[in-house]
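Encoded as structure tokens, the structure appears first; notes follow it.
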Amino acid sequence: MKNWKESPVLQVGAAYCVVSWIILQVCEVVLPSYDTPNWVMQTVIAALLVMFPRVIVKSGVCQHDQAALL
């Protein structure tokens, strides 16, 4: 078994956090200029939070499937 630091699941999780942070920063700057209601930013945050476990599970499944093929 690979070291946990080299695991694709950890790399995907870290990449997702970085991309999510960038998305939130862009939304924080752009959304007020369009006078969007507060719920739009809340929806973006909720969507990113809901998708995180799905992305982690999907990366783990893909890692497992690749190991089975070898």
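Between residue 25 and residue 50, the FRET efficiency from the beta-carbon distance, with R0 = 30 Å, is close to 0.95.
You can think of it this way: the chain between residue 57 and residue 15 has 13.7 nm of extra reach, that is 0.36 nm per residue less the Cα-Cα gap.
Any read-out appearing in this document is the output of simple, stated calculations on the displayed coordinates, not a laboratory observation. Every value quoted in this text rests on a predicted model; they were computed, and no experiment measured them. Reconstructed Cβ throughout: ideal geometry from the backbone, glycine too, with neighbour counts over all protein chains shown.
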